[in-house]
Amino acid sequence: MTKLETLLKLDGVVAAGEFAPDGTLVAYKSNTNMSPELAAMSAQFCASVSMNFTTLAGAFSQISHMNWLPAQGWAYTGGDMTVAVGGRIGVFIKTEKADFNRLFQALVGA
């Protein structure tokens, strides 16, 4: 079973995808009617946000004297959905069903 298939089996996950650093969609799986166009747009979004957070983490590490690098993952919640990213893999998950500890363990490991 692939990592995307494993993530898709987590309670509440409706889509899982992998993206390249430039935002190109590498692969995706979905339990819904997610179109290839939406998956591609989501890959671009996730890559852009990941790049921004990495840049901000570097700056924040310098001014806060705390270690925020290397970036491992991030999440955004709005409405009834969450997008969570670990490395170059992200999921869309129904927030009310999300077990964030389990989710990030699956995305980034220990």
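The values are calculated or read from the model by the stated rules, or taken from the named source; none is laboratory data. Note that this is a predicted model, so its numbers are computed, not measured. Positions of Cβ are backbone-derived with ideal geometry, glycine not excepted, and every protein chain shown enters the neighbour counts. With ligands, DNA and RNA removed, areas are computed over all heavy atoms of the protein, side chains included. Shrake-Rupley method; radii C 1.70, N 1.55, O 1.52, S 1.80 Å.
Semi-axes of the equivalent ellipsoid for the range 13-75, please: Cα gyration tensor eigenvalues, times 5, square-rooted, ordered largest first, whole Å. Show your work: numbers first, answer last.
On the way: eigenvalues 167, 25, 12 Å².
Gyration-tensor ellipsoid for the range 13-75: 29, 11, 8 Å.
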Once phi is turned into θ = phi - 60°, what whole-Hz ³J(HN,Hα) does the Karplus curve with 6.51, -1.76 and 1.60 give for every residue of the range 18-26, x standing for Gly and Pro? 10, 9, 7, x, 7, x, 5, 6, 8
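Excluding ligands, DNA and RNA, what is the solvent-accessible area per residue of the chain at a probe of 1.4 Å, expressed in Å²? Display every interim value, and only then the final one.
Values: 6800 Å² over 110 residues.
I get 62 Å² per residue for the chain.
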Apply the Karplus curve 6.51 cos²θ - 1.76 cosθ + 1.60, θ = phi - 60°, to the phi angles in the range 97-106 and return the couplings in whole Hz, x for Gly and Pro. 9, 6, 9, 5, 4, 5, 4, 6, 4, 5
Compute the orientation-averaged projected area for the chain from the convex hull of its Cα atoms and round it to one decimal in nm². 7.2 nm²
Note down the nm distance, to one decimal, between modelled labels 7 Å out along Cα→Cβ at THR2 and at TRP68. 3.3 nm
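With n ≥ 4 as the cut-off for DSSP H runs, can you work out [θ] at 222 nm for the chain, using -39500 (n - 2.57) per run divided by the number of residues, rounded to the nearest 500?
On the way: 3 runs with 44 residues, N = 110.
Theoretical 222 nm ellipticity from helices: -13000 deg cm²/dmol.
Whenever you get a sec, compute what percent of the accessible area on the chain sits on carbon and sulfur atoms (1.4 Å probe). Don't jump to the answer; show the numbers that get you there.
Details: 3940 of 6800 Å².
The computed percentage sits at 58.
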Separation between Cα centres of the range 1-70 and the range 73-90, rounded to whole Å: 7 Å
Rounded tilt (10° steps) of 36-64 against the dominant C-alpha axis of the chain: 20 degrees
Restricting attention to the alpha-carbon atoms of the range 39-95, what are Rg (one decimal) and Dmax (integer), both in Å? 12.6, 37
HN-Hα J couplings of the range 72-78 from phi, Karplus 6.51/-1.76/1.60, θ = phi - 60°, integer Hz, Gly and Pro as x? 10, x, 7, 8, 10, 10, x
Amide hydrogen neighbours beyond the local backbone of TRP68, cut-off 5 Å, H modeled: SER61
